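Written below as structure tokens is the structure these notes are about.
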Amino acid sequence: MEGSVSFRFLVGAIFLGIFVGCGWSIENAADSATAVYIVTLKKAHFNEELNLKNQYHSRNGGSQRVNRFDKPSNISHIDRMNGSYVSQMHDSLLRRMLRGEKYLKVYSYHYLINGFAVLVTPQQAFKLARRREVSNIVLDFSVKTATTHTPQFLGLPRGAWAQEGGYETAGVGIVIGFIDTGIDPTHPSFNDKSPEQTYPVPEHFSGICEVTLDFPSGSCNRKLVGARHFAASAITRGIFNATKDFASPFDGDGHGTHTASIAAGNHGVPVIVAGHDFGNASGMAPHSHIAVYKALYKSFGGFAADVVAAIDQAAQDGVDIINLSITPNRRTPGLATFFNPIDMALLSAVKAGIFVVQAAGNTGPSPKSVASFSPWIFSVGASTHDRVYSNSILLGNNITIAGVGLAPGTDNMYMLVSAIHALNDAAAKDMYVSECQDASKFNHTLVQGNLLICSYSIRFVLGLSTIKQASETAMNLSAAGVVFAMDPFVISYQLNPVPMRLPGIIIPSPDDSKILLQYYNSSLEKDETTRKIVKFGAVACILGGIKPNFSLSAPKVMYYSARGPDPEDNSVDNADILKPNLVAPGNSIWAAWSSRGAESIEFQGENFAMMSGTSMAAPHIAGLAALIKQKFPTFTPAAIGSALSTTASQHNKYGGPILAQRAYANPDSNQSPATPFDMGSGFVNATATLDPGLILDTSYNDYMAFLCGINGSAPVLLNYTGESCGVSTMNGADLNMPSITISKLNQSRKVQRMLTNIAGNETYIVGWGAPNGVSVKVTPKRFFVASGQQQILNVFLNATMNSTTPSFGRIGLVGNSGHVVNIPLSVIVKISYHSTNS
């Protein structure tokens with residue numbers, strides 16, 4: 001697993017009774033089959049009853065929210081009262097709606113949305129959908145999951161951390177909520193015993209920590225300030241194993257521990273893996289706080305009903321940032337990709353001032369593969385960073401072959417012995433013996449002191465055989481090291497470096513593996529009569545593996561990182577929204593690992609693991625967002641996103657363009673300059689984000705106007721938000737985003753952007769590069785803007801040719817105080833004026 005999260009729909013996330021005239025069917029469902037449905041109630045009905053209850057409570061001396069200063073505590077009395085009342089109201093509604101029938105309420109949602117999750121039959125779901133109190137019903141769907149050097153690569157020690165007073169105070173007072181596989185509270189990345197400074201728990205946070213046998217009292221502290229788990233939807237299906245999956249916030253997978261430490265892990269934690277020292281680890285905001293909402297599990301993934309409950313609770317607890325490790329593996333059915341329970345719950349979270357970060361998905365490199373859709377969610381793609389671990393093997397014929405592996409080298413040449421030539425007689429019939437999984441199959445005398453050649457077959461890809469077990473076999477046989485030759489049937493499989501305690505290397509290329517084996521076989525001496533081997537003549541030396549090398553070609557967009565354009569629906573339509581928003585380090589990331597983490601066999605029992613994926617990239621941004629929020633506490637979520645986007649870099653360490661890998665097979669041989677559909681605004685610039693100069697802000701009302709502009713959306717939004725649309729002609733390009741994306745430019749178009757100066761008085765010069773097939777004019781070309789004041793930028797675009805090929809440009813604003821603001825331009829379909837007339 002590469003750290004990504006995907007949705008697998010049980011039957012397809014069908015929207016039931018979303019609006020009048022939109023019929024729905026349960027013809028394909030079994031009459032007696034029960035399933036979990038997420039039911040949203042009409043806001044007006046909910047608000048009337050809740051207001052009456054609150055007025056009664058206020059008249060009778062009810063208390064206000066109690067803030068806490070030192071340690072985790074329960075939510076305030078008034079919140080508990082409201083939550084309890086809403087739950088009782090839901091129970092009452094269900095009793096009335098399904099009088100005398102069997103059902104099971106799974107959750108009550110009462111903070112971001114008014115509704116509940118309930119286990120019912122399709123017939124009962126149909127009955128619920130027809131009730132006047134119900135706005136819509138969605139069939140629950142399943143979900144599953146999608147650093148030592150990156151602070152230096154991002155320039156944090158002398159940049160962003162220095163601006164915040166050093167790593168000792170970076171992120172102070174900010175709570176990041178992680179919806180993931182939980183956390184290992186015993187890991188040193190999460191203790192609060194900081195010698196530099198105490199950890200006062202932020203007053204605005206009111207979460208609690210569950211206490212179980214797996215997560216005992218004292219697991220939380222002033223660093224890890226909240227921890228809960230959500231599995232009710234899984235439990236109703238009978239697939240939750242409390243022993244294996246841990247009915248607690250404890251992380252039995254490893255993924256959640258990894259992502260939390262990338263964003264907010266303590267500074268200077270030693271990374272010791274397989275007995276080797278790989279340096280010290282730090283999160284992006286090492287002094288921020290962590291709140292965990294476990295809704296994903298190793299054995300089955302998770303379900304949307306549990307995820308929505310986790311989002312609802314995180315918002316109620318008062319987190320400042322939400323980091324999501326969830327992306328759908330298929331587009332949400334219905335009117336538009338934006339209308340699904342998770343995204344709509346997150347819209348309410350953004351309304352409450354919470355910045356939401358989501359992995360873009362690991363479904364690249366094909367166009368339109370991005371799996372994070374909504375403009376209020378900050379979607380992050382994955383790139384390389386400049387540290388790489390590479391090793392090689394030098395053969396006795398002076399040929400050097402590159403490989404992978406976090407293992408030491410050998411001090412000199414050693415004889416090569418293939419596993420198939422070192423068998424005991426009893427092992428001859430074992431067809432998998434060349435994978436070196438059982439030391440008892442081999443002749444100890446033949447292997448001892450030599451390099452053992454093992455076969456890396458498809459069984460390693462499937463997890464049936466492991467590098468760890470093969471390494472133990474080699475160690476038990478007293479081998480000098482181990483060499484893995486790639487089976488020719490394993491085509492284009494991309495390997496992450498794997499830790500080994502003894503010298504070792506994995507040759508990832510079947511062609512290079514063939515070169516090794518040809519040399520080995522040609523060096524064997526055999527008896528002319530018996531054809532038995534009498535001498536092993538091949539020798540080799542393993543080089544490198546532990547010490548990193550540093551590449552000036554970084555960053556580059558990884559082949560698996562999902563790409564734009566952003567799909568608006570399940571048809572061919574594209575949204576006028578740029579996705580991903582930007583890219584961040586996501587490949588080969590060292591971070592904390594759960595002591596009982598089972599996600600990666602190769603890192604079981606280790607304190608740290610190296611993982612890759614967009615889910616590793618997202619928490620980099622969550623941590624950097626915490627630094628922005630710390631410096632600018634009044635920033636809206638959109639303002640945080642703008643600061644990250646407009647300051648992003650479009651160049652690698654050479655000063656050349658950032659490249660994007662275009663193929664899964666041989667990705668480094670198939671790359672070209674990245675476009676905004678590959679990297680969004682570019683690669684995050686951690687230092688510049690704290691001094692963006694100008695920001696482009698977008699409000700909740702703007703997002704609502706955008707959604708209302710989608711044809712047929714008014715009833716859907718009324719049901720989800722309780723708010724009426726009115727008349728709106730706004731589309732995605734009209735949102736005040738730090739990018740301009742036009743899916744169809746029909747002759748000409750005017751777009752405006754409102755810039756707000758958060759720095760001192762400054763004069764800006766405006767320049768631009770037009771997308772191919774488009775003429776662009778921007779006014780004004782020069783302007784002065786005082787501190788705290790705003791400036792409108794007018795962008796005029798005209799199609800000069802007919803084309804369906806996406807083309808890209810950029811608007812750049814350079815201030816006389818050194819601020820630089822970049823706004824990417826993307827135009828997909830272009831229809832010129834002359835063609836229309838003809």
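The values are calculated or read from the model by the stated rules, or taken from the named source; none is laboratory data. On a predicted model such as this, the values are computed, not experimentally measured, just so you know. Cβ atoms come from the backbone with ideal geometry, glycine included; neighbour counts cover every protein chain shown. Protein only, heavy atoms only, side chains kept; ligands, DNA and RNA dropped before computing areas. Shrake-Rupley method; radii C 1.70, N 1.55, O 1.52, S 1.80 Å.
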Cut-off under 26 Å on the C-alpha distance; same-chain residues fewer than 8 positions from LYS579 excluded. Which lysines are left, in chain and number order? LYS144, LYS351, LYS368, LYS556, LYS629, LYS653, LYS744, LYS750, LYS777, LYS830
Work out, step by step, the length gained on full extension between THR445 and ALA162: first 0.36 nm times the residue separation, then minus their alpha carbon distance; give nm to one decimal. 96.1 nm
Taking a straight Cα-to-Cα line shorter than 20 Å from LYS547, and setting aside same-chain aspartates and glutamates fewer than 8 residues away, one finds ASP277, ASP386, ASP411, GLU602, GLU606
Please work out the FRET efficiency for the pair SER84 and LEU104, using the Cβ-Cβ distance as r and a Förster radius of 25 Å; give the result to the nearest 0.05. 0.85
Under 17 Å between alpha carbons, and skipping anything fewer than 8 positions from LYS781 in its own chain: which aspartates and glutamates qualify? GLU762
Taking loop as defined by DSSP and a crowding limit of 16 other beta carbons within 10 Å, which trypsin sites (Lys or Arg not before Pro) in region 275-362 fit? ARG330
Lys/Arg Cβ at +1, Asp/Glu Cβ at -1, dipole of the chain taken about the Cα centre: which of ILE823, HIS258, ASN652 is farthest positive-ward? ILE823
With every protein chain present, what is the per residue accessible area of the chain (1.4 Å probe, Å²)? 38
Where Rh is the Kirkwood radius over the Cα pairs of region 621-759, the temperature 10 °C and the viscosity 1.306 mPa s, what D in µm²/s does Stokes-Einstein return? 91
Using 0.36 nm per residue, how much length does the chain from VAL461 to ARG782 gain when fully extended, once their Cα-Cα distance is taken away? 109.9 nm
Could you check the spin-label model distance between PHE632 and ARG237? Points 7 Å from the Cα along Cα→Cβ, value in nm. 4.1
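Taking square-rooted eigenvalues a ≥ b ≥ c of the alpha carbon gyration tensor, is region 716-783 rounded, prolate or oblate, where a/c under 1.5 means rounded and, failing that, a/b exceeding b/c means prolate?
Details: a/c = 3.22, a/b = 1.44, b/c = 2.23.
It comes out oblate by the Cα gyration axes.
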Sequence ranges 376-387, 96-107, 802-813, ranked by mean other-Cβ count within 10 angstrom, highest first: 376-387, 802-813, 96-107
Carbon and sulfur atoms: what percent of the 1.4 Å accessible area of the chain do they account for? 51
In order through region 509-514: 3J(HN,Hα) via Karplus (6.51 cos²θ - 1.76 cosθ + 1.60), integer Hz, x for Gly, Pro: 9, x, 5, 5, 5, 5
So how far apart, in nm, are the two label points at TYR664 and PHE550 if each is 7 Å from Cα heading toward Cβ? 3.5
Positive-pole candidate from ALA554, GLY641, SER612, dipole of region 535-652, charges at beta carbon: ALA554
Skipping prolines and chain starts, which residues have an amide H placed within reach, meaning under 5 Å, of the one on SER299, given they are 5 or more residues away or on another chain? none
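Arrange the peptides 631-637, 343-349 so that the one whose residues have, on average, the most other Cβ atoms within 10 Å appears first.
Ranking, from highest mean packing down: 343-349, 631-637.
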Given +1 on the Cβ of Lys and Arg, -1 on the Cβ of Asp and Glu, and no further charges, what dipole in debye does the chain carry about its Cα centre, rounded to the nearest 20? 1460
Among (1) 171; (2) 194; (3) 227, the entry derived from the coordinates for volume of the Cα convex hull per residue in Å³: (2)
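Taking 0.36 nm per residue of sequence separation and subtracting the Cα-Cα distance, how much length would be gained by fully extending the chain between ASN280 and ASN476, in nm to one decimal? Walk me through the intermediate numbers first.
Working: separation 196, 0.36 × 196 = 70.56 nm, distance 3.08 nm.
Working it through step by step, the gained length comes to 67.5 nm.
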Listed residues MET704, VAL417, LEU690: farthest to the positive end of the dipole of the chain (Cβ charges): MET704
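Order the peptides 432-442, 399-409, 726-736 from the highest to the lowest mean number of other Cβ atoms within 10 Å of their residues.
On the way: 432-442: 19.5, 399-409: 21.2, 726-736: 16.5.
In descending order of packing, they fall as 399-409, 432-442, 726-736.
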Taking 41 Å as R0, compute the FRET efficiency from the Cβ-Cβ separation of SER748 and GLU133 and round it to 0.05. 0.30
Nearest-0.05 FRET efficiency for ALA598 and ASP192, computed from C-beta distance (R0 25 Å): 0.40
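Rounded, prolate or oblate: which fits region 166-324, taking a ≥ b ≥ c as square roots of the Cα gyration tensor eigenvalues, rounded meaning a/c under 1.5, else prolate when a/b beats b/c? Walk me through the intermediate numbers first.
Working: a/c = 2.03, a/b = 1.38, b/c = 1.47.
Oblate, because a/c is 1.5 or more while a/b does not exceed b/c.
After finding the eigenvalues of the alpha carbon gyration tensor for region 769-834, what semi-axes result from the square roots of 5 times each, listed largest first in whole Å? Working shown, then result.
Numbers: eigenvalues 164, 29, 14 Å².
Computed over region 769-834, the values are 29, 12, 8 Å.
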